[in-house]
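The values are calculated or read from the model by the stated rules, or taken from the named source; none is laboratory data. Treat the numbers as computed from the prediction; the structure is a model and nothing was measured. With ideal geometry, Cβ positions are generated from the backbone for all residues, glycine too; neighbour counts draw on all protein chains shown. Accessible surface areas use protein heavy atoms only, side chains included; no ligands, DNA or RNA. Shrake-Rupley method; radii C 1.70, N 1.55, O 1.52, S 1.80 Å.
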Amino acid sequence: YRLAKVLLDRGATTEALAHFSWVMESDVVDLAAKAANASGVILAGRKAYEDAESHFQRAIVLMPDGLDARRNLGLLYRSRGQLEEAVKHFRAALVLWPANPTLHYDLGLALRRQEKLDAALEHFERALDVPASRQRARVHNSLGSVLARRGQWSEAEIHFEQALVLDPGLGPATRNLQ
């Protein structure tokens, strides 16, 4: 597994995939699950979405309480516009990690795309627990966009401005204020 990660870090994705494949056949379940997830990420990056999906699903079967594969599968579905599936996987992950702010943010983005604005707002508010300021800036911008869609302009403006305080270069927040 470590060799595959080193290869991946060096950009040798084909070689890393080969080593991850070997690790997935091992009896060490947690490493096999991590290898399946890492392979899924590589395959998604190559736009081999069905293969990526099957690798994420395999990782979930191997490690049902693992976060990364569940989140990555939700992200894959969201990126492909399969929003019901994305929401299902983000919600399943939140059952295991209810206080995870990144999962709340991911779910909020999917719900916003479905125009389920009240639910999206709730999850964006819970995502404000994200400690990293750049992520927090994105959450404020997303919260502002939901509030703007609901016609709550003054509240939206506060969140767009807060996003720019945290990350002055956040283009979407700048555009949203205009």
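For the range 117-132, the candidate set comprises residues that are open to solvent by 80 Å² or more (accessible area, probe 1.4 Å) and within 19 Å of the chain's Cα centre (by Cα); within that set, the residue that is farthest from L166 (Cα to Cα) is E122. Listed by first and then second residue, the pairs linking a residue in the range 151-178 that is in contact (Cβ under 8 Å) with a residue 12 or more places away in the chain and of a type outside the set (F, W, Y) to a residue that is open to solvent by less than 70 Å² (accessible area, probe 1.4 Å) and assigned to a loop (DSSP other than H, G, I, E, B), with Cβ atoms under 8 Å apart and 6 or more places separating them unless they lie on different chains, are A163/L170; L164/L170; A173/D167.
One residue alone among Q114, Q135 is modelled with pLDDT under 95, within 26 Å of K47 (Cβ to Cβ), surrounded by fewer than 23 Cβ atoms within 10 Å (Cβ to Cβ) and not charged (D, E, K, R), and that residue is Q135.
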